[in-house]
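Asks: Just dropping this structure here.
The values are calculated or read from the model by the stated rules, or taken from the named source; none is laboratory data. Remember, it's a predicted structure, so these values are computed and weren't measured experimentally. Positions of Cβ are backbone-derived with ideal geometry, glycine not excepted, and every protein chain shown enters the neighbour counts.
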Amino acid sequence: MENLKSLSLICNILVVITIISMSLGDSSVLQPNDAEFIAKMCKQTPYPSFCLQSLQAYPQSSSADAKGLALIMVDVIKAKITDAVDKINQLLPGSSGEDKKSLGGCLKIYKLLLEFIPGIVYSIANSEDYVDVAFYEEGTIFSEAKSCEARFSAGKSPLTSENSGVNNAAQVGKAITKIAFNITTG
């Protein structure tokens with residue numbers, strides 16, 4: 001019985017490899033549904049490991065094209081911003097003075113960014129031109145994450161992990177969106 005399971009597994013792997021090889025042909029262009037598509041996309045981002053981990057957490061990424069991956073990254077960005085908002089809301093009641101002021105400023109920034117998410121999704125899903133999704137190009141999301149971090153004394157931010165997560169997700173999202181719209185990254 002165990003040998004039969006092993007043989008079945010090997011056959012399934014061979015079938016998958018054959019299908020992938022046939023779909024790749026002689027083309028070096030990235031194709032959705034390619035087993036290595038996500039890894040190839042992530043290698044073109046500033047944070048390949050973060051990218052891979054983030055996209056693999058979404059089952060729909062395995063069948064997504066480049067625009068689909070860009071949309072998934074918007075979900076990742078939204079989740080990271082929401083994590084930051086949740087952390088701020090936990091910290092605010094016990095804070096005072098400059099920390100309370102800094103946390104409040106970060107909360108305003110992140111709540112505002114959450115309001116932009118539907119527009120980003122709409123632009124990526126419905127645009128043929130990267131200019132229409134220039135929100136990334138201006139660096140708004142990751143510059144705001146850095147701005148939040150800078151509100152605190154060096155090394156004293158209680159949001160370093162969350163700010164880094166937002167920054168990394170935004171950088172990866174920007175890179176994948178550029179790829180989706182065939183814009184040279186760099």
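Asks: When the stretch 51-60 is examined, which residues are found to be assigned to a helix (DSSP H, G or I) and surrounded by fewer than 19 Cβ atoms within 10 Å (Cβ to Cβ)?
Replies: LEU52, GLN53, GLN56, PRO59, GLN60 - these are the residues of the stretch 51-60 that are assigned to a helix (DSSP H, G or I) and surrounded by fewer than 19 Cβ atoms within 10 Å (Cβ to Cβ).
Asks: When you look at TYR47, is it closer than 17 Å to ILE141 by Cα, aromatic (Phe, Trp, Tyr) and either at pLDDT 95 or above or surrounded by fewer than 16 Cβ atoms within 10 Å (Cβ to Cβ) (or both), yes or no?
Replies: yes
Asks: List every residue pair whose Cβ atoms sit under 7 Å apart, with the two residues 6 or more apart in sequence or on different chains, where the first one lies in the stretch 75-104 and is over 19 Å from GLY119 (Cβ atoms) and the second, anywhere, is part of a helix (DSSP H, G or I) and among the β-branched types (Val, Ile, Thr).
Replies: ALA84/VAL166; LEU103/ILE88
Asks: Take the residues in the stretch 96-120 that are small (Gly, Ala, Ser) and surrounded by fewer than 16 Cβ atoms within 10 Å (Cβ to Cβ), then tell me which one is farthest from THR160 (Cα to Cα).
Replies: GLY119
Asks: Can I ask one more? Filter the stretch 139-159 down to the residues that are surrounded by fewer than 24 Cβ atoms within 10 Å (Cβ to Cβ) and of a type in the set (Gly, Ala, Ser) and list them by number.
Replies: Once the filter is applied, which keeps residues that are surrounded by fewer than 24 Cβ atoms within 10 Å (Cβ to Cβ) and of a type in the set (Gly, Ala, Ser), the stretch 139-159 yields GLY139, SER143, SER147, ALA150, SER153, ALA154, GLY155, SER157.
Asks: Please go through the stretch 160-176 and pick out each residue that is buried (at least 24 other Cβ atoms within 10 Å of the Cβ) and over 14 Å from SER54 (Cβ atoms).
Replies: If the condition is that a residue be buried (at least 24 other Cβ atoms within 10 Å of the Cβ) and over 14 Å from SER54 (Cβ atoms), then GLU162, ASN163 are the ones that fit.
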